[in-house]
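One structure is given here, and the rest of the page talks about it.
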Amino acid sequence: MLLSTMRGIPPLSCLYIHHLSFCTIIYTFAFRGSHTFSTEMGSFQLANGPSPLSLSSSFILPENKRPYLSQVSTVASIPVIDLNQELSQLIQQVSRACEEYGFFQIINHGVSQELCERMLKTISEFFELPPQERAKFFTTDHTKQIKLFNYNLKVDGQEDKVSMWSETFSHPLHPLDDVAHLLPENPPQYREVFAEYGMEMNELMTKLLRLMSQGLGLEKDCLKKKLGENPILRAQSNFYPPCPDPEMTLGLAVHTDLNALTIVRQSEGVTGLQVIKDGKWVAVDPIPNSFVINLGDQIQVLSNGRYKSVHHRAVTNKVHRRISLATFYVPGKDTVIGPIEDLIDEKHPPVYRSYRYAWFLEEFYRQEGTRRMVKETFELLTS
Ligand SMILES: O=C(O)CCC(=O)C(=O)O
């Protein structure tokens, strides 16, 4: 049962930010803090920070942007879909989840559990490296292919941005050849594990895009074709250290994903990802050996608004750290995105104008530091 009241929770519009390649939060890397606290991994220190992490004022959100955790539904959940079932039933479940939630979890997906565990362990070891070693990847330049950073949020009427309680490492995942030699040498298995994981994600993305196309009544490769000939997959590892007061801050601010499709593997046993459904926050509890799938802005546009790119956020945990790896399907910059013709008719006029993905990115950066309304700027006005 969902909570019937959300008093104290600000309207979503106050919180909107989207994903940069992946989230649309602002990059800065300010770190201030001098008090230490014990965590399960000692005192975590941001790679760009001079001292161990503490809940200093730079992490504290104004009241109207705090997570109000007691009001998050503990009972409602997003759909869980078994990929190993009869095709027409599977397509129906996927399209329903895409239309009603924009989010679902998948089980029996065919990706090796052992590989996923190795990948999460590798990420964990990466974030346990001494800050000075991780700092080699730190940058404030969002055009960099490989970047370690932490997301910040600009708050109206406040000069300083609020830092999110997380550290993020992002790089291409598939194809990897051009940048493989630039990925971390430590932990030593990093490159091999990510190369293997990238191939699995590429297959899974194709499988999901096919199901989603068929769910729209389209030929099975339609979405993939519309997303262009030179897409890439990017990986974004998120590390959330334990937080002394999860009510005061967020791990990742509210956003929709900028790209087409996202596959998230989260560490088991710690809940942190939350998604909005009918104006209420719902926790996405990790199910053993599952992936969370969420639709990005480009799928919403291609489907002419039938499939939803939904707002989500990550909250922190007082005792446990949490790790997640998001894999993003990123169209090539020249790809023209717009509502698919077969989905347009008299009853369903186009909701968006077509654009090159590069223009969407430009708009995304143009809005940096403001309330992000990127796909909204491509909406067509209806009379
Ligand atoms: O589960 C999580 O940590 C949130 C992942 C996410 O939203 C992202 O990386 O964009």
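K224 falls short on exactly one of the conditions (1) touching a helix residue (DSSP H, G or I) at 6+ places or on another chain (Cβ under 9 Å); (2) within 20 Å of T74 (Cα to Cα); (3) more than 16 Å from the ligand (Cβ to nearest atom), and that condition is (2). Can you pull out the residues in the range 136-152 that are out of contact with any Ser or Thr (no Cβ under 8 Å at 6 or more places or on another chain) and among the β-branched types (V, I, T)? Across the range 136-152, the qualifying residues are T139, T143. Considering only residues that are in a helix (DSSP H, G or I) and either closer than 20 Å to L261 by Cα or under 23 Å from the mean Cα position of the chain (by Cα) (or both), which ones fall in the range 326-366? Once the filter is applied, which keeps residues that are in a helix (DSSP H, G or I) and either closer than 20 Å to L261 by Cα or under 23 Å from the mean Cα position of the chain (by Cα) (or both), the range 326-366 yields L343, Y357, A358, W359, F360, L361, E362, E363, F364, Y365, R366.
For N150, the requirement of being under 22 Å from D257 (Cα atoms) and in contact with an Asp or Glu (Cβ under 7 Å, 6 or more places away or on another chain) is met. Being farther than 18 Å from I340 by Cα, more than 14 Å from the ligand (Cβ to nearest atom) and in contact with a strand residue (DSSP E or B) (Cβ under 8 Å, 6 or more places away or on another chain) holds for only one residue in M205, M248, and it is M205. How many of the residues making up the range 254-287 are more than 11 Å from the ligand (Cβ to nearest atom), touching a Phe, Trp or Tyr at 6+ places or on another chain (Cβ under 7 Å) and of a type in the set (A, V, I, L, M, F, W, C)? Within the range 254-287, residues that are more than 11 Å from the ligand (Cβ to nearest atom), touching a Phe, Trp or Tyr at 6+ places or on another chain (Cβ under 7 Å) and of a type in the set (A, V, I, L, M, F, W, C) number 2.
Selection within the range 181-198: residues that are touching a strand residue (DSSP E or B) at 6+ places or on another chain (Cβ under 9 Å) and part of a helix (DSSP H, G or I). The member of this set that is surrounded by the fewest Cβ atoms within 10 Å (Cβ to Cβ) is L182.
Looking only at the range 301-311, residues that are within 16 Å of the ligand (Cβ to nearest atom) and part of a helix (DSSP H, G or I) come to 0 in all.
The single condition among (1) part of a loop (DSSP other than H, G, I, E, B); (2) at pLDDT 95 or above; (3) small (G, A, S) that G369 does not meet is (2).
Residue by residue, here is whether (1) within 16 Å of the ligand (Cβ to nearest atom); (2) at pLDDT 95 or above; (3) hydrophobic (A, V, I, L, M, F, W, C); (4) surrounded by fewer than 18 Cβ atoms within 10 Å (Cβ to Cβ) holds:
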position: R313; (1), (2), (3), (4): yes, yes, no, no
position: T316; (1), (2), (3), (4): yes, yes, no, no
position: A326; (1), (2), (3), (4): yes, yes, yes, no
position: V330; (1), (2), (3), (4): yes, yes, yes, no
position: D334; (1), (2), (3), (4): no, yes, no, yes
position: I337; (1), (2), (3), (4): no, yes, yes, no
position: I344; (1), (2), (3), (4): no, yes, yes, yes
position: A358; (1), (2), (3), (4): no, yes, yes, yes
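Can K161 be described as in contact with a Ser or Thr (Cβ under 6 Å, 6 or more places away or on another chain) and within 26 Å of L250 (Cα to Cα)?
Yes, satisfied.
Out of curiosity, is N230 in contact (Cβ under 8 Å) with a residue 24 or more places away in the chain, touching a Gly at 6+ places or on another chain (Cβ under 8 Å), more than 24 Å from Y190 (Cβ to Cβ) and more than 12 Å from the ligand (Cβ to nearest atom)? For N230, the condition - in contact (Cβ under 8 Å) with a residue 24 or more places away in the chain, touching a Gly at 6+ places or on another chain (Cβ under 8 Å), more than 24 Å from Y190 (Cβ to Cβ) and more than 12 Å from the ligand (Cβ to nearest atom) - is met. The criterion of at least 2 residues that are among the hydroxyl-bearing types (S, T, Y) is met, among strands (runs of 3 or more DSSP E) falling completely within the range 199-273, by 232-240. Those strands (runs of 3 or more DSSP E) of the range 75-157 in which 1 or more residues are within 22 Å of the chain's Cα centre (by Cα) and among the basic types (K, R) occupy 147-149.
Do you know which of the residues in the range 142-157 that are of a type in the set (D, E, K, R) and at pLDDT 90 or above is surrounded by the fewest Cβ atoms within 10 Å (Cβ to Cβ)?
Among those that are of a type in the set (D, E, K, R) and at pLDDT 90 or above, it is K144.
Candidates are the residues of the range 291-300 that are within 12 Å of the ligand (Cβ to nearest atom) and not aliphatic (A, V, I, L, M); the one that is farthest from H255 (Cα to Cα) is F291.
Taking the range 160-175 as the range and being crowded, with 21+ Cβ neighbours inside 10 Å and either away from the ligand (no atom under 16 Å from the Cβ) or not aromatic (F, W, Y) (or both) as the test, the residues that pass are V162, S163, M164, S166, E167, T168, S170, H171, P172, L173, H174. Only a single criterion out of (1) surrounded by 17 or more Cβ atoms within 10 Å (Cβ to Cβ); (2) without any contact (Cβ under 8 Å) to a residue 24 or more places away in the chain; (3) within 27 Å of L46 (Cβ to Cβ) is not satisfied by T256, namely (2).
The values are calculated or read from the model by the stated rules, or taken from the named source; none is laboratory data. This structure is a prediction, so every number in the text was calculated from the model and none was measured. Neighbour counts are summed over all protein chains in view; Cβ atoms, including those assigned to glycine, are modelled from backbone coordinates with ideal geometry.
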